[in-house]
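Read-outs throughout are calculated quantities, based only on the coordinates presented, and are distinct from any laboratory measurement. Everything numeric in this text was worked out from a predicted model, so none of it was measured. Note that each Cβ is placed from the backbone with ideal geometry, even for glycine, and that neighbours are counted across all protein chains shown.
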Amino acid sequence: MGGSIPLTNEMLIAKGIPEAFLMALGMHILTQTKINWRKLIIMVLILFLMATGLRALRLSSGINTVLSLFGVLVIFQFLYRSGLQEIIRTIIAPIVILIFISIAEMLNLLILAMIYGFEAANTMIRTPDGWTQCLYSAPSTIILALLLLAANATLKMIRKRKKENGNLGEETRE
């Protein structure tokens with residue numbers, strides 16, 4: 001069923017936990033929510049278990065994505081009980097994170113394909129050896145972290161500009 005990559009215990013540990021952490025951190029960055037470390041750790045554990053459960057079901061990639069998106073929304077909303085303005089950001093943030101994950105995975109495959117060729121890169125990603133698979137998929141986790149850092153820097157720059165120039169629609173007296 002579906003074209004999923006085989007799930008190994010090594011991948012769960014070496015890739016699942018860091019990606020769950022990056023997803024939880026990304027939610028905080030993109031919703032501009034102050035980090036509550038206790039809630040962040042709970043969110044990471046739930047996201048990890050959810051991703052592990054979804055991968056174990058061997059669903060197609062599109063269904064995994066939709067269920068992951070919905071799960072992240074529900075978990076974040078349950079833990080932080082956001083107001084209306086934050087709910088809109090909470091809806092947009094997981095979509096952006098999943099786009100970032102897709103970009104990171106595609107760039108990782110592109111890098112491997114440029115170095116080894118497409119067929120060899122595809123074989124490397126789908127190898128049944130867990131540690132080899134972790135090694136070849138590690139750049140995607142690093143790329144995801146870099147994309148989230150870039151998003152954080154961009155949002156900080158926007159917030160700084162708003163403080164300096166005032167919000168749109170704000171009256172100025174001259």
Using a simple spin-label model with points 7 Å from Cα along the Cα→Cβ vector, what separation in nm is obtained for residue 17 and residue 57? 2.5
Relative contact order (%) - criterion: Cα under 8 Å, at least six apart; region: region 85-174: 26
Identify, among 37, 138, 109, the residue whose Cα sits farthest towards the positive end of the charge dipole of the chain, taking +1 on the Cβ of Lys and Arg and -1 on the Cβ of Asp and Glu, with the dipole about the Cα centre. 37
Square roots of 5 times each gyration tensor eigenvalue, C-alpha, region 16-78, largest first, Å: 21, 12, 9
Projected area, mean over directions - region 59-162, Cα convex hull, nm²: 8.8
Using the Kirkwood radius built from alpha carbon pairs, what does the Stokes-Einstein equation give as D for region 1-131 at 37 °C and 0.692 mPa s, in µm² per second? 208
Any idea what the dipole of the chain comes to, in debye rounded to 20, about its Cα centre with Lys/Arg Cβ at +1 and Asp/Glu Cβ at -1? 560
Name the residue, out of 106, 50, 157, whose mean-square fluctuation peaks in a Gaussian network model built on the chain with Cα pairs under 10 Å. 157
Calculate the FRET efficiency for residue 150 and residue 42 from the Cβ-Cβ distance with a Förster distance of 22 Å, rounded to the nearest 0.05. 0.25
To the nearest 10 degrees, how steep is helix 37-56 against the longest Cα principal axis of the chain, on a 0 to 90 scale? 40
Helix-derived mean residue ellipticity, 222 nm - over the chain, DSSP H n ≥ 4, -39500 (n - 2.57), to 500: -26500 deg cm²/dmol
